[in-house]
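The structure appears below as structure tokens.
Derivation of every value follows stated rules applied to the coordinates shown; laboratory data play no part. The model shown is predicted, which means the values in this text are computed figures rather than measured ones. Here the Cβ is made from the backbone with ideal geometry for all residues, glycine too, and neighbour counts use every protein chain on show.
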Amino acid sequence: MNSIKTFDDVWEALEDNPIRALNLRLRSELLIRITEKMKTMDLTQAKFAHLLDITQPRVCALKQGKIEQFRLDSLVDIAHRLGLHVSLSVAA
């Protein structure tokens, strides 16, 4: 008999470690917001690199959604440089 497992999100399905899944979920949300903001700005990758204080290949990785190449703190820094407000809520 096959049992079907359900998950709250894709990260829980891909990652057995719940802490790692949470980290991926947070990075994913930030990456989505960052790329959405970047799409509204008419800048070259070189200008984004200067604005975000990262290399041009990192800009390319951002635009391609390469989540594995960015830590959470790096994404927070990038979001801030784009004028996005990042907040964190912690519950017991």
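Give me the distance in nm between label points sitting 7 Å out from Cα along the Cα-to-Cβ direction at Ile19 and Val86, one decimal.
2.0 nm
Give the whole-number value, in cubic angstrom per residue, of the convex hull volume spanned by the C-alpha atoms of the chain.
122 Å³
Please identify every one of the trypsin sites (Lys or Arg not before Pro) in the range 10-80 that sits in a loop by DSSP and has no more than 14 other beta carbons within 10 Å of its own beta carbon.
Here the trypsin sites (Lys or Arg not before Pro) that fit, given the DSSP loop and packing criteria, are Lys66, Arg71.
Divide by every residue of the chain the summed helix terms, -39500 (n - 2.57) for each DSSP H run of at least 4, and state the resulting mean residue ellipticity at 222 nm, rounded to the nearest 500 deg cm²/dmol.
Taking each H run of at least 4 residues, the total per residue is -17500 deg cm²/dmol.
Just need the relative contact order of the chain here, percent rounded to a whole number, with Cα pairs under 8 Å and 6+ apart.
Computed over the chain, the figure is 28 percent.
Hey, rough spin-label estimate for Thr40 and Gln69, points 7 angstrom out along Cα→Cβ, what's it come to in nanometres?
Reported label-point gap for Thr40 and Gln69 is 2.4 nm.
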